[in-house]
Amino acid sequence: MLSIKPKYVKEILSGAKQYEFRKQIFRNKSATPVFIYSSSPQKKIVTRFRVGKIVKGHPDYLWEQFWDVSGISEQEFFEYFSDRDTGYAIRIDELEPFPEPVDPYVVFERFVAPQSFCYVEYPVNRFDREEIPST
């Protein structure tokens, strides 16, 4: 599960943001699906996706390659990576927005919002379109 600010979630859902940028990446690159938790003030799980291509590189390189599908301003991008020589661009594939945002406190016992990301185990059917608990 990735924690993403609501303004960037909006860009993902609109299709303008096709890559998620991270300073560090999860070790299990085959973990799928990935749920997007829209952080405060929404505090809901809003969609899931499959991890596509992951590109590691200097922030200058990442911006050069993905600026047009970044869904983020150049200033915000370089402020985020200001203290880093390396970053990651994660391709968002097979995006599946939920009809209604999901309250993670209903789905997961002892849910704690991830600072950046966390691994979650969930019953497969729990997030099927017909089984998504609404808020």
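Read-outs throughout are calculated quantities, based only on the coordinates presented, and are distinct from any laboratory measurement. In this text, all values refer to a predicted model and were calculated from it rather than measured experimentally. With ideal geometry, Cβ positions are generated from the backbone for all residues, glycine too; neighbour counts draw on all protein chains shown.
Tabulated results
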| item | result |
| --- | --- |
| Along the chain, longest interval not containing exposed GluC sites (Glu not before Pro), exposed being DSSP loop plus at most 15 other Cβ atoms within 10 Å | 1-108 |
| Mean separation of Cα contacts under 8 Å, 6 or more apart, over the residue count of the chain: relative contact order % | 32 |
| Eligible lysines near Lys43 by straight Cα distance, threshold 18 Å, same-chain separation 8 or greater | Lys5, Lys7, Lys10 |
| Spacing of the two label points (7 Å from each Cα toward its C-beta) at Lys23 and Arg91, in nm | 2.7 |
| Computed [θ] at 222 nm, helices only, for the chain once each DSSP H run of length n ≥ 4 contributes -39500 (n - 2.57) | -5000 deg cm²/dmol |
| Rounded FRET efficiency, nearest 0.05, which uses the C-beta distance separating Val120 from Ser82 and R0 of 30 Å | 0.50 |
| Total formal charge among the other residues, if their Cβ is under 11 angstrom from that of Ala113, Lys/Arg +1 and Asp/Glu -1 | +2 |
| Projected label distance in nm at Arg50 and Gln65, using a 7 Å step from Cα toward the beta-carbon | 2.0 |
| Charge dipole magnitude, Cβ of K and R +1, D and E -1 - the chain, Cα centre, debye nearest 20 | 280 |
